[in-house]
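Notes follow the structure.
The values are calculated or read from the model by the stated rules, or taken from the named source; none is laboratory data. Source: prediction; values computed, not measured. Heads up, the Cβs are rebuilt from the backbone with ideal geometry, glycines too, and the neighbour counts pull from every protein chain shown. For accessibility, only protein heavy atoms count, side chains too; no ligands or nucleic acids. Shrake-Rupley method; radii C 1.70, N 1.55, O 1.52, S 1.80 Å.
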Amino acid sequence: MRDLDLVFRIAVLLVLGLCIVLSAAQAAPPARSAILFIGDGVDDHQLTLGRNYLHGAAGTLVFEGLEQRATARVLTIQESDPTLPEYVGDSASGGTAMSAGVVTSRGRVATTAGSDEDVVTIAELAKAAGKKVGIVATSSLTDATPASFYAHVSLRFCEGPEDMSGTRGRLRQGARCPQDDTANGGLGSIAEQLARSRVDVALGGGLETFLQRTHGGATVLEIAEKAGFRVVRSGEALAGVNRGRVLGLFGDGTLPVIWQGEGGASAERLQSVGGGAPPPVPRFGCEPSPSFGETPTLEEMTRKAIELLSAEDDSFFLMVESASIDKQAHAANPCGQIGEIRQLEEAVQVALDFAEDHPDTLIVVGSDHGQAGQVIPYPSLFAALGRRTGSAVHSPGQFAVLETPEGGTMGVSYATSTAFAEEHTGTAIPVFGQGPGSEALRGLIDQADVFAILKAALGL
């Protein structure tokens, strides 16, 4: 009897303990606000490149010190047969995975592959729940990643009303988004959808697109102003804004990068030399880019966005993208990439500073896909073999040797394409997090899980 009594008491205590744990879990308050950072094209190769140059081989990027880390599979499907995987995604499919939790085909912005159905985004859910919404990007605000949070279109290149017919830019092949055109009852181009959206703060590039005219004759910019956006075009004007809806357009398209190679140097193709000797490669460091000028930094835009979104103690969702990590990788420009990784770091630090006073803020740092650019030896580890055979051994692609601030030299290879731009890669991507709900960021997840984590943390 005593043994049975003891077992009963232990069972009661276990049940009570479980009830307390479940009660505490249910009582845990959700995040009031969430900030999602996207380093476009960032995978572990690009992080290593930036970390080595910015902090040294034994250093750490700011966001690598966040409490949680996961590895995310980048899943993409084929447009012609959505049952088949595509293996390598783009910013539209990757952006849609994070913004809406949906696996789609390349080029689609918050729409489904094949069936072309609009999908609800985290920004739209947040707005419906009474939260403010902000979009910040160093690309055009109509580029694929930022667009995935507020727009729904069948092809990412339908950025402005004049792009819908294929007469401008990359679409000069005839109409590609006829079902999205307002003339056919659609939501319109990406820019038109932003102008008519419920977004509170949008800061980035893309002025040229917003100056395109709609079917009614008005420019998209005029529609945005009529809808209540205050339009600013300089960092000075942005600094003077302290309330209301704001549309900041600080460049015609993608904003300039903050760094370049010394004298404009970037990676180049190596030429073999006789006797198996390593081909000579100019060595250079990184320097400020003169084209950046007075452009607002990502740090400044992030700080102002948070200030505006939280001005009246409002809760909010904010997406911040450092876009040219990807774009400079396409151009085989390592210093351009590294400078934009630095911009991402500085913007994340702004969010961390805000979270110190607002611990109910979820911070997530992720990526849309992998990119070209690998740190490899120079000279090649196989150079000795080349000397014995009489042929030089080196990277077959574009190559750069950076002189790092810690006194070393770092070889960077771009070898995914011989065309005008380097390719994306199909590697998994890192995701970092801190704050309420970030504990779900662990182990191997799917990229679309980022949406579910944000949604659950915000209680949407």
task = Please sort by residue number the GluC sites (Glu not before Pro) in segment 202-311 whose DSSP state is loop and whose Cβ has at most 11 other Cβ atoms within 10 Å.
result = Glu294
key: Size of electric dipole in the chain: Cβ of Lys, Arg +1 and of Asp, Glu -1, about Cα centre, debye, nearest 20   = 420
key: Under DSSP loop assignment and at most 12 Cβ neighbours within 10 Å, longest chymotrypsin sites (Phe, Trp or Tyr not before Pro)-free interval of the chain   = 88-381
request  = Once you have the Cα-Cα distance between Glu117 and Ser80, take 0.36 nm times their residue separation minus that, and quote the gain in nm to one decimal.
outcome  = 11.8 nm
key: Formal net charge of residues neighbouring Ala137 (Cβ-Cβ distance under 11 Å; K, R +1; D, E -1)   = -3
note = Candidate span helices, the chain: DSSP H, at least 18 Å along axis from Cα coords, Kyte-Doolittle average at least -1.0, result 2-27, 334-357
task = May I ask you to give the percent of accessible area on segment 35-164 that is carbon plus sulfur, with a probe radius of 1.4 Å?
result = 51
inquiry  = At 222 nm, what value in deg cm²/dmol follows for the chain if DSSP H runs of at least 4 each add -39500 (n - 2.57) and the sum is divided by all its residues, to the nearest 500?
reply    = -9000 deg cm²/dmol
key: Shape call, the chain: gyration tensor on alpha carbons, a/c limit 1.5   = oblate
The chain: Lys pairs at Cα distance under 26 angstrom, eight or more positions apart or on different chains = 12
key: the chain - accessible surface per residue (Å², probe 1.4 Å)   = 42
query = Ser438: net charge of surrounding residues, Cβ under 13 Å, Lys/Arg +1, Asp/Glu -1, itself excluded?
reply = -2
query = Considering the dipole of the chain built from charges on the beta carbon (Lys and Arg +1, Asp and Glu -1) around the Cα centre, which of Gly50, Phe149, Pro279 is farthest to its positive end?
reply = Pro279
